[in-house]
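Asks: Have a look at the structure that comes next, please.
The values are calculated or read from the model by the stated rules, or taken from the named source; none is laboratory data. Keep in mind that what you see is a predicted model, and the values were worked out from it rather than measured. A quick note on method: Cβ atoms are made from the backbone with ideal geometry, for glycine too, and the neighbour counts reach across all protein chains shown. SASA here: full protein model, heavy atoms, side chains in, ligands and nucleic acids out. Shrake-Rupley method; radii C 1.70, N 1.55, O 1.52, S 1.80 Å.
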Amino acid sequence: MEIRFREFDPFNCWIWLRFAAPPGQGERGYVETVFDSWFFLGKLGGFNAENLQVHEEGADVSWMAYEGDGAERALPALMHNMGEMEYQADWGRCWVDLGTSDGVALDVLINSLHQLNSDVVEIQELLIGGVNDDWPVEQHPDSLFPLDDPDT
């Protein structure tokens, strides 16, 4: 699976998947479950690089002292919104407003899709951001920050 980043706006980001063949209903179900699960974790603040205490502790976390106050002091890192997964031939796409979630959110998604590619459905490309010339995008109706706001 090739992974590429294009022009990236965290508040208005299209994520594109190119499959080896048009995905069937079962394969689509797995892809959509990955995106839904990822979004719910992000909506609840799960992707906050400011509070990665267990990760920073290293391999041995036996008897680790977790600092609840440290978690309370971390600024919120919340995803704002996600559109429905859409499909066209061998392409799939999903719009997301990543809000204030950190880059760790994208790492988790990439890792999950990498495993899905190995186990369930062949994903040839994962494109994060930008547009697809063969499948135009419009301003997503759920975007909190419209691109062409006449009042700005």
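Asks: Arrange the peptides 62-74, 93-105, 119-131 so that the one whose residues have, on average, the most other Cβ atoms within 10 Å appears first.
Replies: On the way: 62-74: 9.2, 93-105: 20.2, 119-131: 16.1.
The packing order, highest mean first, is 93-105, 119-131, 62-74.
Asks: Please report the antiparallel percentage of the DSSP beta bridges confined to segment 1-130, to the nearest 5.
Replies: Details: 16 of 20 bridges.
Just about 80 percent of them are antiparallel.
Asks: List every residue whose amide H lies under 5 Å from the amide H of residue 120, counting only residues 5 or more places away in sequence or on a different chain, with H placed 1.01 Å from N in the peptide plane.
Replies: Hits under the 5 Å cutoff: none.
Asks: Against the longest principal axis of the chain, how steep is helix 104-119, in degrees 0 to 90 to the nearest 10, with axes from Cα atoms?
Replies: The helix 104-119 is inclined about 60 degrees to the chain.
Asks: Right, something else. Give a residue-ordered list of calculated ³J(HN,Hα) values for segment 45-52 (Karplus: 6.51 cos²θ - 1.76 cosθ + 1.60, θ = phi - 60°; whole Hz; x for Gly, Pro).
Replies: x, x, 9, 10, 5, 6, 10, 10
Asks: Moving on. In debye, nearest 20, what is the charge dipole magnitude of the chain about its Cα centre with +1 on Lys and Arg Cβ and -1 on Asp and Glu Cβ, if you could check? Don't skip to the end; give the middle numbers.
Replies: Details: 7 positive and 29 negative charges, 53 e Å.
Computed about the Cα centre, the dipole is about 260 debye.
Asks: Related question: Over all Cα pairs of segment 51-139, how is the pair count split among 10 Å bins, expressed in % and running from 0 up to the last occupied bin?
Replies: So the P(r) values, bin by bin, are 12, 33, 30, 17, 7, 1.
Asks: Now, a different point. Among 90, 107, 134, which one shows the biggest mean-square fluctuation in a GNM of the chain, springs joining Cα atoms closer than 10 Å?
Replies: For the chain, modelled as a Gaussian network with Cα springs under 10 Å, the answer is 134.
Asks: Any idea what % of Cα-Cα pairs in the chain are farther than 20 Å?
Replies: Numbers: 6186 of 11476 pairs.
For the chain, the fraction of Cα-Cα distances above 20 Å is 54 percent.
Asks: Report, to the nearest whole %, how much of the accessible area of the chain belongs to carbon and sulfur atoms, 1.4 Å probe, protein only.
Replies: Working: 4600 of 9110 Å².
With neighbouring chains kept in place, the figure for the chain is 51 percent.
Asks: Please work out the Cα center distance from segment 1-43 to segment 71-88, rounded to the nearest Å.
Replies: If we compute the Cα centre of each part, the gap is 13 Å.
Asks: What is the angle, in °, between the Cα long axis of helix 25-43 and the longest principal axis of the Cα atoms in the chain? Nearest 10 is fine, range 0 to 90.
Replies: 40
Asks: For segment 122-138, take each phi angle, set θ = phi - 60°, evaluate the Karplus expression 6.51 cos²θ - 1.76 cosθ + 1.60, and give the result in whole Hz per residue in order, putting x for glycine and proline.
Replies: The phi angles translate into 6, 10, 7, 9, 10, 10, 10, x, x, 10, 10, 4, 7, 9, x, 10, 10 Hz.
Asks: Using 7 Å Cα-to-Cβ label points, what is the residue 64/residue 122 separation (nm, one decimal)?
Replies: That separation, rounded to one decimal, is 3.9 nm.
Asks: At 1.4 Å probe size, with every protein chain present, just tell me what the per residue accessible area of the chain comes to in Å². Intermediate values should be presented prior to the final figure.
Replies: Values: 9110 Å² over 152 residues.
Result: 60 Å² of accessible area for each residue.
Asks: Using θ = phi - 60° and the Karplus curve 6.51 cos²θ - 1.76 cosθ + 1.60, what whole-Hz ³J(HN,Hα) does each residue of segment 19-24 get, with Gly and Pro shown as x?
Replies: With the stated coefficients, segment 19-24 comes to 8, 5, 8, x, x, x Hz.
Asks: Quick check: residue separation of residue 20 and residue 4 times 0.36 nm, minus the Cα distance between them. What number comes out in nm?
Replies: On the way: separation 16, 0.36 × 16 = 5.76 nm, distance 1.66 nm.
The residue 20-residue 4 span can extend by a further 4.1 nm.
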